[in-house]
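I have placed the structure first, in the form of structure tokens, so that the comments after it can refer back to it.
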Amino acid sequence: MSKHQDDSIETIHHNEVADDEQLMEEHILSQRMSQLSTTATNETEFIVKDIQNIIEKIPNYLTKQNKSFEQLLDQALSTLTLEKLNFKRDELRKIAILIYKTIFIQIYLRLRTVYLKSGMGQLIKQSSQQPLIYPTDLRIWPKEIKTIVKSSKTNKTNENDTCMCFVKDYIHELSKQLKQYQIELNINTNNCKCYTPVLREILEKYITENLSSLNLEIDHKIEILRYDYQVQALKIEYLRQKPTATQELKMKQLCHDKYEEETAQQVFDFLRKQMDYYNSPSQGFKYSHIAESTLINSIENPTIRKQIFDQYKEIAEQARGQLFALYLKTAEEQKDEFKRKYNADIKKLWSDQRGPVKNEKLSSIMLNLLNERCNKISERIKSIYKFKIQSIPAT
């Protein structure tokens, strides 16, 4: 894919010749896309099988061993006689599993659709009220897709075509699987006389709640994909300004240092929140795996056993406290170091802008693009650590 589109259009004087050439080009393109599609389909089928394997592994919350699910089914079937209860419970469990499979595929389809939009230049929409300073129609494929395509044995003459075929085939295969599960679900619900709209709502709510963590993960991935697109689009637009080698180096250096500065800051904040959790009463020494010592428990004299255990506990708590303090100190030093480095880069940038050397000065457009790219890099890293912090239990 070229970095920017050629604005010039060649004027065609001979319509008949042009039509013949266009037909020939379409025929060649059709053959090439067919070859790419065949190879991409093989790769897609392999990956879709992996997702199918995941779907076929019924989650614990839908098994007979899960008390919450069994109670939900018993509540739904409370009006039935004992003779029919087990049979209807198995029917409802099968329906619940099919509901789970349809929701699961729809979640993955949502992510794959975003992949396709990114590759087609349809991920970000321009706003008439606040127009963006970078083009939003660029075809930028996510790294995950490009990595899969590159690792395959496909003909890499046109990466964009290969990625397009791969993602479209992927979406097609998942959509086909979804349709199959929906048909099975309709058949089973129609045959189950005790299945009502109220029961359907109960089952869907139960399954959706248990898939909430997956939904959050997909939402996060989509957010990161949007940031990746914006960061890349801003870089492409900056390069379209035809920067000198020095100006291009400035962009790379400043963005790299912004990445390190923001990452160090977020790591420090994340570490502090982790320590707040591990220092909370719920994570005290008595709850740790080292609280139980076979050797100490083997001491018969209770007085001596308590004395040694108290000493053991004091040493363990001191060691943990010292280790946490060391982690935090190291993270804080790195945070401060990268912040100083980034601030020094900013200071030098503005010093060069006021200096006499022209090829070191950036245009106002370049400055805006550079500033916006640094902001997006910063927002992307904040998003990553915000998601990580959500995994820390509340104290």
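Taken together, the values in this text are just the output of simple stated rules run on the coordinates, not laboratory data. This is a predicted model, so every value here is computed, not measured. Cβ placement follows ideal geometry from the backbone for every residue including glycine, while neighbour counts extend to all protein chains displayed.
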Exercise. Exposure proxy check: 192, 163 ranked by fewest other beta carbons within 10 Å?
Worked result: 192, 163
Problem set entry | Projected label distance in nm at residue 94 and residue 57, using a 7 Å step from Cα toward the beta-carbon | 2.5 nm
Problem set entry | Gained length - residue 219 relative to residue 126, 0.36 nm times residue gap less alpha-carbon distance | 31.3 nm
For this session: For segment 133-146, just list the computed ³J(HN,Hα) in residue order, Karplus coefficients 6.51, -1.76 and 1.60, θ = phi - 60°, integers in Hz, with x standing in for Gly and Pro.
Result: 8, 9, x, 10, 9, 6, 8, 10, 8, x, 4, 4, 5, 5
Problem set entry | Extension gain (nm, one decimal) between residue 205 and residue 180, 0.36 nm per residue minus Cα-Cα | 6.8 nm
Problem set entry | Cut-off under 5 Å, modelled amide H: who pairs with residue 66 long-range | none
Exercise. How much length is gained on full extension from residue 75 to residue 324, taking 0.36 nm per residue of separation minus their Cα-Cα distance?
Worked result: 84.8 nm
Seminar exercise, completed: Under the 7 Å Cα-to-Cβ spin-label approximation, residue 300 and residue 193 lie apart by a distance in nanometres of 7.1 nm
For this session: Rank-order 220-233, 353-366 by packing density, defined as the average count of other C-beta atoms within 10 Å over each peptide's residues, highest first.
Result: 220-233, 353-366
